[in-house]
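Please treat every number below as a calculation from the coordinates, not as lab data. Please read these numbers as outputs of a predicted model, since none were measured by experiment. Glycine gets a Cβ as well: all are built from the backbone with ideal geometry, and neighbour counts include every protein chain shown.
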């Protein structure tokens, strides 16, 4: 070692990084090496007592140079870190032998161009990897990712990655969020999780993990959310004392025993689908006490509402009887062929389905007053007031591309679907020039009108999504569960039923029409080029877009999926939600879960999307007791009216 004067203070014989000047690196190396030496040892040779003004001036210049050197060293170290992170991720992706959707290239900027990569504010290191639904599969060398020492967020959700739990990731000491859900991981979990002292979110759901739940989870003192549902965990539930834990889900495993006292504060839905001896009564009492005041208030309001409804029904009955009496006096009564559901003669025949008590023909429709409710690519929808005071919805279909026999078979099939979350098809009319389908009408409104025409709270949106999911799942279960699809899921085809839940309309109609242009709307799955050839996975994709529309409240859905994924990737999740919803902070966790369901449904590959029964179960888990009890899945015994408030869209 040699002590010099001027711009170069020290020199050593060590390797110099390519990004740093030799003098800078040598200086830092010496400071590090001799940090423990006495202060006078380093200061005395370098800064002797000043003897004149020239010496003092020279000393000031040296201090300024020293500060500039330290600033340069700081940026050199940052540049070296991001360079190492880029090399690490390139090595990771080079070990993937199958096709994937990652665009990681040495020529692109890692912080601004690489898919799923998030850097810190200085673009000096990688802090987040969001690789959900990126077509990763099989056994991957995840130990490479463990070299990203500054990584805080890691999401590998909705892929097909297999193998044991990646214990190498425990080297990521700064990790705050780990999501491995919806993969094929298997085997037991490590016994020790204490290395992740900053971890807040851990999601291992929907895999094939087995063995017992480690008691070392208790050492994750910062843990906020723990999801181990839909695995094969067995044994008893450990007693986890984690005061900050807000969300817990260990449902649908093979757990036995009882729920420990420390976890009895969580809802019963967190433990369903196991072999537990009994449900803790303390949880039930807590929930009952929590909702007692609401129940009392609800009973009082329900009683008042029932009385008012009874009075209103009596007034309507009296009014209808008076109008029928006047109609009978003013014109001759017309003979009704109640024994034959196909009324009219020749080309005026309207076919009604069994169990539907409407009686009218084409001449009645032509004489009735009609109001245009909406126009869509498949035709025009009218509100029709018949002479006997019955109000119906008639959809006039254009550009039918199938022959009459196929049209009638499809409509007959759709007319036999009976479910409280599927709009009831009353009848149809077919001729060379006119094709009509008939539905009930009600004044509860469409989801589109509620989202974009007036205020719509989270409770209403949640029930609309849940009811729609149930309806689409029922449609998919028809004809052996593999052939019938909806084909045109969108907010203007979802209506509020009598219970306040979503009811889906227009099922199966897309298969009868000419295919829409590819850019007609943003609900269509990327693999669908012909709307007549929709699939059940493409229905799931459309339902995912519907979820995004419900959360965001925007009517333009053209690039909604891409926008949502980019916002979530940048960790700006709060920017996704409608301002109207953000006023209710107590439901933010439920909205985040719904957003995750939408992202799973809109996975790029069809085989990565859940089926609609799985989607129903996911939505139920948001608020299981209230959703399930309020919207039973029994087949409806009567017709389910659909409709819209005046002026809102009925678009086929």
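If neighbour count is taken as other Cβ atoms inside 10 Å, put 578, 539 in order from fewest to most.
Exposure proxy ranking, most exposed first: 578, 539.
Provide, for q = 0.14, 0.15, 0.17, 0.21 Å⁻¹, the log10 of I(q)/I(0) from a solvent-free Debye sum over equal Cα point scatterers in the range 159-224.
-0.38, -0.44, -0.57, -0.89
Restricting the count to DSSP beta bridges whose residues both fall in the range 95-286, what percent are antiparallel, rounded to a multiple of 5?
Percentage antiparallel, nearest 5: 10.
Give me the one-decimal nm value for the distance between modelled label points at residue 310 and residue 100, 7 Å along each residue's Cα-to-Cβ direction.
6.7
With a 10 Å radius around each residue's Cβ, average the other Cβ atoms per peptide and rank 401-407, 598-604, 128-134, 111-117, highest first.
Final packing ranking: 598-604, 128-134, 111-117, 401-407.
Calculate, in nm to one decimal, what residue 254 and residue 167 gain on full extension: separation in residues at 0.36 nm each, minus their alpha carbon distance.
My answer for the length gained is 29.0 nm.
How much length is gained on full extension from residue 371 to residue 222, taking 0.36 nm per residue of separation minus their Cα-Cα distance?
Roughly 47.7 nm would be gained on extension.
Report Rg/Rh for the range 393-441, rounded to two decimals, where Rg is the Cα radius of gyration and Rh the Kirkwood radius.
Expressed as Rg/Rh, it is 0.97.
When the chain is fully extended, how far beyond the present Cα-Cα distance does residue 268 get from residue 398, taking 0.36 nm per residue of separation?
Using 0.36 nm per residue and subtracting the Cα-Cα distance, I get 41.8 nm.
What nm distance separates the two modelled labels at residue 405 and residue 575, each placed 7 Å from Cα along Cα→Cβ?
With each label placed 7 Å out from Cα toward Cβ, I get 5.7 nm.
So for the pair residue 613, residue 300, with labels modelled 7 Å out along Cα→Cβ, what separation do we get in nm?
4.5
Need one number: % antiparallel among DSSP beta bridges in the range 114-221, to the nearest 5.
Of those bridges, close to 15 percent are antiparallel.
Can you list, bin by bin at 10 Å, the percent of alpha carbon pairs in the range 95-286, starting at 0?
Percent of Cα pairs in each bin: 9, 34, 33, 17, 6, 1, 0.
For the peptides 224-234, 251-261, what is the packing order when you average, over each peptide's residues, the other Cβ atoms within 10 Å and list the highest mean first?
224-234, 251-261
Could you give the Stokes-Einstein D for the range 198-259 in µm² per second, using the C-alpha Kirkwood radius, 20 °C, 1.002 mPa s?
182
Given a Förster distance of 25 Å, report the FRET efficiency between residue 112 and residue 160 from their Cβ-Cβ distance, rounded to the nearest 0.05.
With a Förster radius of 25 Å, E is 0.30.
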